[in-house]
1. Before we move on, is A:S115 at the interface with another protein chain (Cβ under 9 Å from one of its Cβ atoms) and hydroxyl-bearing (S, T, Y)?
2. Which residues, counting only those in region A:205-234, are closer than 10 Å to B:I45 by Cα, hydrophobic (A, V, I, L, M, F, W, C) and within 7 Å of chain B (Cβ to nearest Cβ)?
3. Counting residues that are more than 7 Å from chain A (Cβ to nearest Cβ) and out of contact with any strand residue (DSSP E or B) (no Cβ under 8 Å at 6 or more places or on another chain), which helices (runs of 4 or more DSSP H) fully inside region B:1-84 reach at least 2?
4. Scan region A:388-404 for residues that are farther than 18 Å from A:G306 by Cβ and surrounded by fewer than 18 Cβ atoms within 10 Å (Cβ to Cβ) and jot them down.
5. Could you say whether any residue in region A:406-414 is free of Cβ contacts under 8 Å to residues at least 60 places away in the same chain, aliphatic (A, V, I, L, M) and more than 20 Å from A:G329 (Cβ to Cβ)?
6. B:F17: more than 15 Å from the chain's Cα centre (by Cα), at pLDDT below 90 and of a type in the set (F, W, Y), yes or no?
7. Go through (1) crowded, with 24+ Cβ neighbours inside 10 Å; (2) of a type outside the set (A, V, I, L, M, F, W, C); (3) at pLDDT 90 or above one by one and return the number of the condition A:P232 breaks.
8. Does region A:311-332 include one or more residues that are within 14 Å of chain B (Cβ to nearest Cβ), basic (K, R), under 26 Å from B:M35 (Cβ atoms) and surrounded by fewer than 24 Cβ atoms within 10 Å (Cβ to Cβ)?
Amino acid sequence: MNNMTQIIYLATTLLLLLGLKKMSSPKTAMNGIVLAGWGMVIAILVTFFMPNLHGFVNFELMIAAMVIGAVIAWYSGKKVMMIQIPQMIALYNGMGGGAASAIAILELLHYENSSIAIRCLALFGAMIGAISFSGSIIAFAKLQDIIKREIVLPLHQILNVTLIAASIILALYLLIFPDQIFFILPFFLIASVLGLTFTLPIGGANMPVVISLFNAMTGLAVGFNGFVLNNPALMVAGIVVGASGTLLTQLMAKAMNKNILSILFSTLSKSVSTESSATTDNMKSIEVDDTAIMMAYATKVIITPGYGMAVAQAQHKISELAHQLEQRGIAVKFGIHPVAGRMPGHMNVLLAEAGISYDKIFDLDEINPEFSNTDVALVIGANDVVNPAAINEPNSPIYGMPVLNVSSAKNVLVIKRGKGKGFSGVENSLFNMDNVHMLYGDGMNVVNRLVQVIKNL
Amino acid sequence: MSYGMIIILYLIILAIFTGYEMIGRVPVILHTPLMSGTNFIHGIILIGAMIALGQAVNPLEQIIGFFAVLIATINVVGGYVVTERMLEMFKTDKKTTNP
């Protein structure tokens, strides 16, 4: 590595860190990603000119791989709907983990010229990368509804422990006998299987935390590879992502009021959720016309959207509805639960896409005191995040999670596709309350009709 | 322990603190974009993949290296595109009014 390359890598690291810093504030976030992007571009360009890139064939392969990869990623990234962003992040992250694992394996194949410390780091990198790779793909499949349920095998925890033990034994073996390169394959496979068995039993609602964790793990694997390849840019960027990713995972879990360990090592107990499902008979349904009148003659309306709204692609119609109510002089606010959508912050992105301005969007702590002087709370496609069981049913699986107190509004209208349960599989007692009315139907369709009726009032 | 090793340990400590401190006060609305942004940043593994493929000496290594460069590129490009699309909506001057 010559001096020029070193200096460019240093500049890249600086740009990446500066970008990350800017990305943690809404005003400068866009600048941040652009800066980081330029950092990456110069690093890639200078790497092309490194003198020790072996034969010309490898160079051709490199160009081919980069072109194919870039086309796939560009196309999928541009085309993906905002609602599917979380699983796309998981997928891209898994790719990074896989790459880190592959690079570490290549280094293990060159065992002759590496010290035991380097091989140790390479083994760590290969293992963490492989877990992140397969685990992220499962996370993608779960959020994409390819895998629809939690899969728990018999003796699942024992299986996990066995796999961890097996991979550690293989790693030690490879550390002591580095020339036994054939054992790299089972080592990689077992680590990959570990990623699968680790992720399969975790429910979709907890997936964001898991994705964030894999993100941090990939960062760590990249950092390890930095040591293996003696490349400080990879070291610093990888470790910074590993550390910030770990903190972000904690913040997300906190926003969901969950403990990371309990997410990773247990699933919601099914027996409890059926226990509180006794009453579903008190639900009162309401028609669109009555809903429209109720809203049109209110003075203050709070809309609490959930993931179901995004699934129905109703955010643009909701924006139209809010606009119309405002024209009638009604105060409209949006109350967003931290985990509305699939991830903390996901719903804000979806509403922003629909052109709802930020000063109308309030988070949980800001909006909760306001429900008591609100005429109509409109719940659309949200379920668990408005479930009072989180406050008053200590044996509920979601007990303790902060929720939006919609029930303290004078009237609560719930737009819902059917009588089903929320993402967590827990029954919602809100729907049985006296001031709550259910408006059944497809979100987009219902809101569209609401808009029409209000327009003609 | 060599001097270089010590420097690396210092580097690790500083990097951990940097990572932790940088996003300490990030608002919830930025969690998803920030996760996507860090996802892009660890895409720097592409540099490692390029170096590793460049040093490949036999077909097996070339295959693994090719695969590594391919998926690392997906990480970088995908991570950037998705993050940029999300953050595009955070621009404050974008006050589009509904017709």
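The values are calculated or read from the model by the stated rules, or taken from the named source; none is laboratory data. What you are looking at is a predicted structure, and each value in this text was computed from that prediction instead of being measured. Virtual Cβ from ideal backbone geometry, glycine too; neighbours counted across all protein chains shown.
1. On the way: at the interface with another protein chain (Cβ under 9 Å from one of its Cβ atoms): no; hydroxyl-bearing (S, T, Y): yes.
No.
2. Step one: of region A:205-234, the residues closer than 10 Å to B:I45 by Cα are A:218-219, A:221-223, A:225-226, A:233-234.
Subset that is hydrophobic (A, V, I, L, M, F, W, C): A:221-222, A:233-234.
Within region A:205-234, A:V222, A:A233, A:L234 qualify.
3. Working: elements: B:3-22, B:31-41, B:45-54.
By residue number, B:3-22.
4. Within region A:388-404, A:N392, A:P394, A:N395, A:Y399, A:G400 qualify.
5. Initially, region A:406-414 is screened for residues free of Cβ contacts under 8 Å to residues at least 60 places away in the same chain, giving A:407-408, A:410, A:412, A:414.
Restricting the remaining residues to those that are aliphatic (A, V, I, L, M) gives A:412, A:414.
Remaining after also requiring more than 20 Å from A:G329 (Cβ to Cβ): A:412, A:414.
There is at least one residue in region A:406-414 that is free of Cβ contacts under 8 Å to residues at least 60 places away in the same chain, aliphatic (A, V, I, L, M) and more than 20 Å from A:G329 (Cβ to Cβ).
6. On the way: more than 15 Å from the chain's Cα centre (by Cα): yes; at pLDDT below 90: no; of a type in the set (F, W, Y): yes.
Answer is no for this residue.
7. A:P232 satisfies all of (1) crowded, with 24+ Cβ neighbours inside 10 Å; (2) of a type outside the set (A, V, I, L, M, F, W, C); (3) at pLDDT 90 or above except (1).
8. Start the filter on region A:311-332 by keeping residues that are within 14 Å of chain B (Cβ to nearest Cβ), which leaves A:315-327, A:332.
Next cut, basic (K, R) only: A:317.
Next, from what is left, pick out any that are under 26 Å from B:M35 (Cβ atoms): none.
Within region A:311-332, none of the residues are within 14 Å of chain B (Cβ to nearest Cβ), basic (K, R), under 26 Å from B:M35 (Cβ atoms) and surrounded by fewer than 24 Cβ atoms within 10 Å (Cβ to Cβ).
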